[in-house]
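*Asks:* Sharing a structure below in structure tokens format, with a few things to ask.
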Amino acid sequence: MKAFDNYNPIAVFAYFASVITIGMFCLNPVTMNPLILFLSLSGAMTTFIIRNRTSGAKSHLFFLGMFLLLVLLNPLFNHNGVTILLIVNNNPITLEAILYGAASASAIISVIYWFRSFSQIMTSDKLLYILGNISPKFALILSMTLRYVPMFENQTQKVIQAQKGLGLYSDTDFISRVRGGTRVFSVMVTWALENGVITSDSMTARGYGITKRTFFSIFKFRREDILLTVLSVILFAAILAGVISGSVNFSFYPEISHAETSVVSVVTYISYGLLAFLPVIIEAEEELRWKYLKSKI
């Protein structure tokens, strides 16, 4: 999914904030509407599949196992509901408990899918761009932190290899691993402190803090970004109004209620469907445009 990735990080962040917020609303038992859950889960899965193709097969199997586990566990511990299917050890297994477990699992898995897509699309440089506009100092601290994590890991491996070369590190038994790890940890603490002092002196020598910090970015806010941001906000507002009005409320206990069918509820469903599949629509539009331009060659 490249077309959606090319949007400005602010527009992408606004979209994910909107769709994930509504998805997390579905974790509330009152607003756990099956149609909204279906739209959220199918939109999240479709977005993730289009982006990862077949490389996310293991993730799908894991989420399928999580779904089945949650569906099976809920009726074993929750015996509410009026439609009893069978009785196990004097504990009734109800249809409402099974369906509630399926709805809860769908809500949780859909949110996880959305967050996984968010973490893949919103890379560190995009997050720094958003934070840099709000607080350049905080963005600098975050960027330095993100930079030190891989540096620390690489330096740790160098120290371990050097210790092994000197015959000071052995992992043949537990005691040797503890001694070697303690020695490596001591070296890394000293390295981190020294590196911090060097970085501080380097920043001071280059004049950091003398004047107001500026912020450079390669991202531009285009017309398409404005459209995506405005559309996300409008759809989010329409969905939120429908949720607050109670027109999409749904209950599983003590018995399964019938979803309300009104103009407000229909608008809410359509709005969330558009919001959930917005990345897919953008990608499909870009693909059709590309094929059209190729046909003109």
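The values are calculated or read from the model by the stated rules, or taken from the named source; none is laboratory data. Everything quoted here is computed from the prediction, not taken from an experiment. With ideal geometry, Cβ positions are generated from the backbone for all residues, glycine too; neighbour counts draw on all protein chains shown.
*Asks:* Regarding Val187, is this residue under 27 Å from Pro136 (Cβ atoms), surrounded by 10 or more Cβ atoms within 10 Å (Cβ to Cβ) and among the aliphatic types (A, V, I, L, M)?
*Replies:* Here the answer is no, as Val187 does not meet what is asked.
*Asks:* Inspect the range 185-205 for any residue being at pLDDT below 85 and in contact with a Gly (Cβ under 6 Å, 6 or more places away or on another chain) and give the result as yes or no.
*Replies:* No, the range 185-205 contains no residue that is at pLDDT below 85 and in contact with a Gly (Cβ under 6 Å, 6 or more places away or on another chain).
*Asks:* Hand me the list of helices (runs of 4 or more DSSP H) wholly inside the range 222-297 holding 2 or more residues that are surrounded by 14 or more Cβ atoms within 10 Å (Cβ to Cβ), more than 21 Å from the chain's Cα centre (by Cα) and of a type in the set (Ser, Thr, Tyr).
*Replies:* Those helices (runs of 4 or more DSSP H) span 263-276.
*Asks:* Now for a different question. Please give the number of the condition Ala162 fails out of (1) over 28 Å from Glu285 (Cα atoms); (2) touching a helix residue (DSSP H, G or I) at 6+ places or on another chain (Cβ under 7 Å); (3) surrounded by 13 or more Cβ atoms within 10 Å (Cβ to Cβ).
*Replies:* (2)
*Asks:* If you take the residues of the range 106-136 that are out of contact with any Leu (no Cβ under 9 Å at 6 or more places or on another chain), part of a helix (DSSP H, G or I) and farther than 14 Å from Pro9 by Cα, which of them is modelled with the lowest pLDDT?
*Replies:* Pro136
*Asks:* When you look at Ser200, is it part of a helix (DSSP H, G or I), touching a helix residue (DSSP H, G or I) at 6+ places or on another chain (Cβ under 7 Å) and of a type in the set (Ser, Thr, Tyr), yes or no?
*Replies:* So Ser200 does not fit the description; no.
*Asks:* Quick one: in the range 19-60, which of the residues that are of a type in the set (A, V, I, L, M) and outside any helix (DSSP H, G or I) is modelled with the lowest pLDDT?
*Replies:* In this case the residue turns out to be Val30.
*Asks:* If I filter the range 30-42 for residues that are within 14 Å of Ile109 (Cα to Cα), small (Gly, Ala, Ser) and free of Cβ contacts under 8 Å to residues at least 40 places away in the same chain, do I get at least one hit?
*Replies:* no
*Asks:* Just a yes or no: is a residue in the range 76-83 under 18 Å from the mean Cα position of the chain (by Cα) and either of a type in the set (A, V, I, L, M) or within 21 Å of Tyr253 (Cβ to Cβ) (or both)?
*Replies:* No, there is no match, as no residue in the range 76-83 is under 18 Å from the mean Cα position of the chain (by Cα) and either of a type in the set (A, V, I, L, M) or within 21 Å of Tyr253 (Cβ to Cβ) (or both).
*Asks:* Please determine whether any residue of the range 103-113 is more than 25 Å from Lys2 (Cβ to Cβ), crowded, with 18+ Cβ neighbours inside 10 Å and in contact with a strand residue (DSSP E or B) (Cβ under 7 Å, 6 or more places away or on another chain).
*Replies:* No: zero hits.
*Asks:* When you look at Ser176, is it within 30 Å of Glu255 (Cβ to Cβ) and in a helix (DSSP H, G or I), yes or no?
*Replies:* It is false that Ser176 is within 30 Å of Glu255 (Cβ to Cβ) and in a helix (DSSP H, G or I).
*Asks:* Exactly one condition in (1) part of a helix (DSSP H, G or I); (2) farther than 30 Å from Tyr7 by Cα; (3) among the aliphatic types (A, V, I, L, M) is not met by Ala139; state its number.
*Replies:* Unmet for Ala139, out of (1) part of a helix (DSSP H, G or I); (2) farther than 30 Å from Tyr7 by Cα; (3) among the aliphatic types (A, V, I, L, M): (2).
*Asks:* For the range 43-82, name all the residues that are of a type in the set (S, T, N, Q) and within 26 Å of Leu278 (Cα to Cα).
*Replies:* Result: Thr46, Thr47, Asn52, Thr54, Ser55, Ser59.
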